[in-house]
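Enquirer: Take a look at the following structure, please.
Read-outs: derived from the displayed coordinates by stated rules, not from any lab. Every value quoted in this text rests on a predicted model; they were computed, and no experiment measured them. Quick reminder, even Gly has a Cβ in these numbers, built from the backbone with ideal geometry, and neighbours come from all protein chains shown.
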């Protein structure tokens, strides 16, 4: 994969719960991290006493984070309501020339900030709440 513009990494939400995805707000930065817990199965006879791990046994999870400004009142209201209600909704992360990661996420953090001489900004964090899919593009 060659270098890509950061602005092309998109975060989208199923705003109605019916499979229609729309781009979220005016994100200026965004990231996704996928991780798996390890299950240590090391024992007295492990070769050289090196740690051994059980393949495909730990819990998998993903975390999406972003920061930016709300582009309109509708996206502001939607994200705010999801955060306050703890609603799990389908989200997509589109990574250019790589693929689409899609699945259920819950807003785990929503922070607002603002300077006296600038716009109100927000930081958002989403935690996966079920199985994710990956579609290569």
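Enquirer: Within region 16-34, restricting attention to residues that are more than 15 Å from residue 71 (Cα to Cα) and surrounded by 12 or more Cβ atoms within 10 Å (Cβ to Cβ), which residue is farthest from the chain's Cα centre (by Cα)? So that I can check it myself, show each step before the final result.
Expert: As a first pass, look at region 16-34 and keep what is more than 15 Å from residue 71 (Cα to Cα): 16-21, 30-34.
With the extra rule that they be surrounded by 12 or more Cβ atoms within 10 Å (Cβ to Cβ), the set shrinks to 21, 30-32, 34.
Details: 21: 15, 30: 8, 31: 7, 32: 5, 34: 9 Å.
Selected residue: 21.
Enquirer: A follow-up question, please. I'd like to check which strands (runs of 3 or more DSSP E) are fully inside region 37-137 and have at least 1 residues that are touching a strand residue (DSSP E or B) at 6+ places or on another chain (Cβ under 6 Å) and farther than 24 Å from residue 9 by Cβ. Before you say what the answer is, go through the steps one by one.
Expert: On the way: elements: 60-69, 88-95, 99-114, 120-128, 133-136.
Qualifying strands (runs of 3 or more DSSP E): 99-114.
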